[in-house]
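Shown next, in structure tokens, is the structure this report addresses.
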Amino acid sequence: IPSLPVLRLIFFCASKCKSRYRWMPAVHDSQPGCTIFSLRHVLVSTFAMACAVGAQDRRDYKYLHVDPSLASLDPKGTPGKVVIIQRHGQASKNAELRPVRLAMVDQLRALVKQGPEIVKGPGVSAEVEAEAQKVLEAWKLASREMRWFDDGLNPKGVAQAVAAGAEVGHLLKTKLGVGAPNLLVTSPFRRAWQTQLIGFSSAGFEGVSGPPGCAAVAGDGFRHVPWLALDSLAETPHAETSCMRHSKTEIKRWQPCLDVSLISEECARGTTTHAELEWQAIKQAFQGQREQREQREQGNKAVASLAEGDEPLDEAERANVSNARAFAEWLRARPEEVVWVLTHQSPMIRQLEALLGREITSTGGKKYTAPANAEAVAFFLPLNVKEAVSVPAKRGAGEL
């Protein structure tokens with residue numbers, strides 16, 4: 001039986017969930033504009049908030065990585081911006097397609113390890129390529145199902161958004177003392193702006209209007225927080241339905257408080273899939289390590305990893321780098337001093353590179369790599385830092 005303090009904490013978090021979601025409408029499945037807040041969502045969110053409150057009391061974070069640039073900072077006395085950049089919470093496609101993708105990658109790796117020897121020069125033998133195309137075709141069928149089209153958060157993603165939002169609120173209110181953000185910006189994809197909407201509510205900022213983006217009621221004394229959608233924060237343009245979104249008109253109808261004036265009517269469409277890029281990377285790594293592989297395999301030693309080595313900057317990543325540069329320039333020109341950004345995994349990595357031009361580390365000095373669902377990075381962006389987008393040799397491994 002839970003102790004009295006634990007029960008009090010649970011009831012406290014439940015009441016906060018109820019009050020903070022008072023302006024979030026329940027919708028039907030046919031209206032993808034907002035997460036459906038069923039009893040399951042409320043229970044999961046309550047538990048997540050309880051865990052987040054406990055983490056705040058211990059002054060550690062599960063989802064939020066604090067860069068050393070904020071460790072001993074007086075934000076009010078230093079010219080620059082406090083920036084929170086976050087990946088969206090878990091969506092259905094993250095949970096269901098990731099195991100399929102990992103199994104597919106294992107199949108492709110097995111082909112070059114066990115199949116006919118790779119040919120001299122670029123490429124693989126015809127037999128291996130033919131088998132690989134069967135795997136790639138299976139991935140196309142799985143990744144292009146319409147149920148992944150601009151999918152929203154699942155119950156786990158809602159809980160992640162609640163917990164991460166509470167951590168962001170604790171950092172800004174308690175540790176930095178800067179209060180609510182002056183600006184919210186998000187990818188126009190549903191899983192991204194849902195994460196920000198839920199997180200902003202969970203953060204518990206005082207004196208701001210809710211939901212974000214909607215003007216404060218006249219005379220209520222609440223501060224208005226602008227909420228903008230930007231194409232430069234959008235998902236990597238792969239040729240998969242999860243990398244496509246609803247139109248600008250539909251988003252505006254479902255979420256009228258989100259300012260979509262700066263995005264295009266339709267999203268950019270890619271020509272390659274995750275699987276095709278994985279296959280190209282595997283072949284390149286295998287080809288570049290062929291001599292070392294032959295030496296290692298003497299004595300029947302297995303290949304350590306076919307994913308190592310340099311990876312070319314493909315069409316999709318070039319789009320991410322271009323978007324990152326555009327966003328970095330846009331953000332530096334904005335007057336707001338506290339900004340909360342919501343994006344996707346690969347774009348988030350490129351955004352960090354474009355904004356800081358260096359690796360991100362946590363307060364403990366640990367190197368920050370690919371962000372998991374709902375993970376965020378908080379850092380200080382000095383106004384005198386020039387734009388610098390680096391191109392790492394390898395793409396970070398992580399969830400879809």
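The values are calculated or read from the model by the stated rules, or taken from the named source; none is laboratory data. These figures come from a predicted structure and were not determined experimentally. Here the Cβ is made from the backbone with ideal geometry for all residues, glycine too, and neighbour counts use every protein chain on show. SASA here: full protein model, heavy atoms, side chains in, ligands and nucleic acids out. Shrake-Rupley method; radii C 1.70, N 1.55, O 1.52, S 1.80 Å.
Residues of segment 256-286 being open to solvent by less than 20 Å² (accessible area, probe 1.4 Å) and among the polar types (S, T, N, Q), which ones? T273 - this is the single residue of segment 256-286 that is open to solvent by less than 20 Å² (accessible area, probe 1.4 Å) and among the polar types (S, T, N, Q). Restricting the search to helices (runs of 4 or more DSSP H) fully inside segment 239-341 and requiring at least 3 residues that are at negative phi and either at pLDDT 85 or above or of a type in the set (G, A, S) (or both) gives 248-254, 274-288, 315-333.
Filtered by the rule that a residue be among the aliphatic types (A, V, I, L, M) and touching a Pro at 6+ places or on another chain (Cβ under 7 Å), segment 332-357 gives V338, V339, M348.
Quick check on segment 178-199. Is at least one of its residues within 15 Å of the chain's Cα centre (by Cα), surrounded by fewer than 24 Cβ atoms within 10 Å (Cβ to Cβ) and in a helix (DSSP H, G or I)? There is no residue in segment 178-199 that is within 15 Å of the chain's Cα centre (by Cα), surrounded by fewer than 24 Cβ atoms within 10 Å (Cβ to Cβ) and in a helix (DSSP H, G or I).
Residue-by-condition table, conditions (1) farther than 29 Å from Y61 by Cβ; (2) open to solvent by less than 10 Å² (accessible area, probe 1.4 Å); (3) modelled with pLDDT of 90 or more; (4) of a type in the set (A, V, I, L, M):
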position: L102; (1), (2), (3), (4): no, no, no, yes
position: K120; (1), (2), (3), (4): yes, no, no, no
position: E127; (1), (2), (3), (4): yes, no, no, no
position: A130; (1), (2), (3), (4): yes, no, no, yes
position: A138; (1), (2), (3), (4): yes, no, no, yes
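If only residues of segment 140-177 that are over 19 Å from the mean Cα position of the chain (by Cα) and part of a loop (DSSP other than H, G, I, E, B) are counted, the one that is surrounded by the fewest Cβ atoms within 10 Å (Cβ to Cβ) is G177.
Within segment 319-360, the only residue that satisfies the criterion of being open to solvent by 30 Å² or more (accessible area, probe 1.4 Å) and of a type in the set (F, W, Y) is W330.
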